Every structure is written in structure tokens, then in C-alpha cells.
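Asks: One structure, as C-alpha cells, below. Some questions next.
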Amino acid sequence: MRVSIVLTATLVGMALGGWISGVIFDLTGSYRAAFVNGIAFNLLNLTLAFWLLRRAISRNALFPA
């Protein structure tokens, strides 16, 4: 189920990413804001990934296999 959720979120993000960038371009007349938006979402993704990794490492330290 977790893999399905991750894959669904990935596909929705890829589907909406190009569309949102087009909307941002239409509103601003420049891709600068679209790139900033993309960078912000990538930083959010990295933050979540490192948080989950740190959480898994600390959990394994408490309960080794």
C-alpha cells in the first residue's frame, strides 16, 4: 500500500507540475516563478525524505533487527 501511495503521489506531481508551471507562466509572463516553485517543492521533498530516513535510523538504533 505504501508503494502505491508513493507512486500515485509521484504521478500526480508529474501530471500537475507541467500544468502548474504553464499557469504560473501565464500569470507572470516568465518562467522564473515556475522554477522557484519547482525548487521549493524539491526542497520540501528532500526535507521529508531526510526526516523519514533519520526517523528510520533512530528507530533501528532503538530496536535493532
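Asks: Nearest 10 degrees, 0 to 90: what angle lies between the long axis of helix 32-62 and the longest principal axis of the chain (Cα atoms)?
Replies: Around 0 degrees separate the two axes.
Asks: Helix 2-28 versus the longest principal axis of the chain: what is the Cα-based angle in degrees, 0 to 90, to the nearest 10?
Replies: Between helix and principal axis, roughly 20 degrees.
Asks: Further question: Classify the chain as rounded, prolate or oblate, taking a ≥ b ≥ c as the square roots of the eigenvalues of its Cα gyration tensor: rounded when a/c is under 1.5, otherwise prolate if a/b is larger than b/c and oblate if not. Could the numbers behind the result be given before it?
Replies: On the way: a/c = 7.58, a/b = 2.29, b/c = 3.31.
Judged from the Cα gyration tensor, the chain comes out oblate (a/c at least 1.5, b/c at or above a/b).
Asks: Please report, as a whole percent, how much of the solvent-accessible surface of the chain comes from carbon and sulfur atoms (probe radius 1.4 Å).
Replies: 73 percent
The values are calculated or read from the model by the stated rules, or taken from the named source; none is laboratory data. Because the structure is predicted, anything quoted here is derived from the model rather than measured. Heads up: the accessible areas ignore ligands, DNA and RNA and are worked out on the full protein's heavy atoms, side chains in. Shrake-Rupley method; radii C 1.70, N 1.55, O 1.52, S 1.80 Å.
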